[in-house]
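Written below as C-alpha cells is the structure these notes are about.
Throughout, read-outs are computed from the coordinates displayed, never taken from laboratory work. As the structure is a prediction and not an experimental result, all values here were calculated from the model. With ideal geometry, Cβ positions are generated from the backbone for all residues, glycine too; neighbour counts draw on all protein chains shown.
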Amino acid sequence: MGKRPTLRQKILISSKRLNPDNWLVLQDRPDALVILHRHSTKPREIPKGGGEHKCQSLTKIRATK
C-alpha cells in the first residue's frame, strides 16, 4: 500500500484539483508523483513541472525587498 503524502506532495496533488486526503503516495520519482486513490485503488501519475513553484517565487520576492 502507499504512504500519506507530505506537505509538498499535497500541494502538488491539490494543484491538479484533486483532494490530497483521498490519495496515497506510491512513488515519488524526480519526473512524476505516482499516487493511489484510497477508495477505488485507481493509480494515477502526476508529472512534476520544470517551472518554479509559487511558494518559491514568493520567497524570492520577499528576499529582494
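Between amide H atoms placed 1.01 Å from N, distances below 5 Å from Trp23 occur with Arg38, all of them 5 or more places distant or on a separate chain. Under 5 Å from the amide H of Leu18 lies no amide H of any residue 5 or more positions distant or on a separate chain, with H modelled from the backbone and absent for Pro and chain starts. Applying the Karplus relation 6.51 cos²θ - 1.76 cosθ + 1.60 with θ = phi - 60° to the stretch 14-20 yields 3J(HN,Hα) values of 5, 5, 9, 6, 10, 7, x Hz, where x marks Gly and Pro. Put in order of Cβ neighbour count within 10 Å, fewest first, the listed residues Arg4, Arg17 become Arg17, Arg4.
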